[in-house]
1. Efficiency by 1/(1 + (r/R0)^6): what FRET value for A105 and T169, r their Cβ-Cβ distance, R0 = 30 Å, to the nearest 0.05?
2. Among K183, K37, K333, which one shows the highest mean-square fluctuation when the chain is modelled as a Gaussian network with alpha-carbon springs under 10 Å?
3. Over region 50-100, what percent of the accessible surface lies on carbon and sulfur atoms, probe 1.4 Å?
4. What is the magnitude of the charge dipole of the chain about its Cα centre, with +1 placed on the Cβ of each Lys and Arg, -1 on the Cβ of each Asp and Glu, and no other charges, expressed in debye to the nearest 20?
5. Amide H neighbours of V316 under 5 Å, at least 5 residues apart or on other chains, H built in the peptide plane: list them.
6. Given H placed on each backbone N at 1.01 Å, which residues far from H60 in sequence or on other chains put an amide H within less than 5 Å of it?
7. Mind checking which of L260, Y298, A190 is farthest towards the positive end of the chain's charge dipole, using Cβ charges of +1 (Lys, Arg) and -1 (Asp, Glu) about the Cα centre?
8. Compute the signed sum of charges (Lys and Arg +1, Asp and Glu -1) over the other residues within less than 13 Å, Cβ to Cβ, of S81.
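The values are calculated or read from the model by the stated rules, or taken from the named source; none is laboratory data. Model, not experiment: these values are computed from the prediction. Backbone-built Cβ (ideal geometry, glycine too); neighbour counts: all protein chains shown. Surface accessibility is based on the protein's heavy atoms, side chains included, excluding ligands, DNA and RNA. Shrake-Rupley method; radii C 1.70, N 1.55, O 1.52, S 1.80 Å.
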Amino acid sequence: MKHLIRGRVLNFHADPAETEDNHRFIEDGAIIVEGGKIAAIGDYADLRADGLAETDHRPHLILPGFIDPHIHFPQVQVIASWGTQLLDWLNTYTFPEEARFSDPAHAARMAEAFLDRLIEAGTTTASAYCSVHAGSAEALFAAAEARNMAIAAGKVMMDRNAPAAVLDTAQQGYDESKALIAKWHGRGRAQYVITPRFAITSTPAQLAAAGQLAAEHPECLIQTHMSENRDEIALTRELYPQARDYLDVYEQVGLLGPKLMLGHCIHLEPREIARMAETGSRAIFCPTSNLFIGSGLYDAEGARAAGIVAGVATDVGGGTSYSMLTTLAEGYKVMQLRGQNLHPLAAFHWATRGNALAMGMADRIGTLEPGTDADFVVLNANATPAMALRMERATTLAEELFILQIMGDDRAIAQTYVAGQPMKHAATPG
Ligand code: GUN
Ligand code: ZN
């Protein structure tokens, strides 16, 4: 069944931070959805047809669904935990909470709650860290499959420096990841992400096993953390004294390349920056988390200038919001503190096509091009009285986007479409 969705349509074909011809905006636009895919995009007047079902979202904006390339599914009840920086935060709050995911019933309930939060926030794809328990990944993949969501996820591999309840072994981490890849990778819209948590919680043997998995499954993304916090870096250097730097720990086991997404990358050495650019390894900027845990200010322009492909992500529950709008607002502020500017067009490109590029999925998501998956979001820049008041003075699309970025949150998400289906429970206002 074909369905026409009408609204003010915005789609990016290049990065506004790099290219002048970067987007198409259609004031009275439409998308035609068929079989979960986008069949057409254009002017409403050109696409309308007698008998074609229509949903009219005017005056709201229609953009590709947001993509969150770094988020922790077992931290839905860790978000907003007080008073610590990274290593204490992990030990005090995070590991005990993740231990609860050994219970399949708990994992199943949290998986539904997690995906509800993504939909509410307008996020249609995420790359999620699960807990160490294979069952937590099973729960998330099953819940995502039921909603037909393109979720990328992996069980964390961690075999030291944490409580026994959240540890596997090098062999178990390999075997369970391998079995999950066989079962889930490429099933429906699911993707498996090889997920060694970070250098501190993996022995050299386990990181080697992660490298072996990556070599055996070049189709899989890989995610881990790097250079988020000074104490984390110092401990990593102690644990891996033979490595040239933090990145080298991952380089020596063969993890570098365009499939690797490195969360945080705040305190980088010049060699690390050059090597990430050379290998195409991705940096993932997590602004609400970096401010909340007190980790530091990511150098977005420095990374770009060096040629590093970067994503921007929530990192819930170190991050403090599921909203990519809020994440872009905090990203703007972090860049301000570094004397850098994030233009609203570049910001919305980043959360859509930019993150799709970081995840190697730009041919399917992060875009409204015909033939791609019909994951998109409907944005209301007048969602709150404060926003409506400010909108009275907005005259350009860029201003409207910036109001959404700085003042918007899940209330500004009028609807979230996944594979052509409206997923937000509340009725959509006009
Ligand atoms: N480094 C290792 N694990 C984590 C985590 O769960 N959150 C954050 N922010 N950093 C990490
Ligand atoms: Zn993280």
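1. On the way: r = 25 Å, r/R0 = 0.84.
According to the calculation, E is roughly 0.75.
2. Evaluated over the chain, the most mobile residue of the options is K183.
3. Details: 990 of 1980 Å².
Summing carbon and sulfur atoms, their accessible area is 50 percent of the total for region 50-100.
4. On the way: 34 positive and 51 negative charges, 62 e Å.
Approximately 300 debye in magnitude.
5. H72
6. Here R8 satisfy the definition.
7. A190
8. On the way: positive: none; negative: D88, E97, E98.
That works out to -3.
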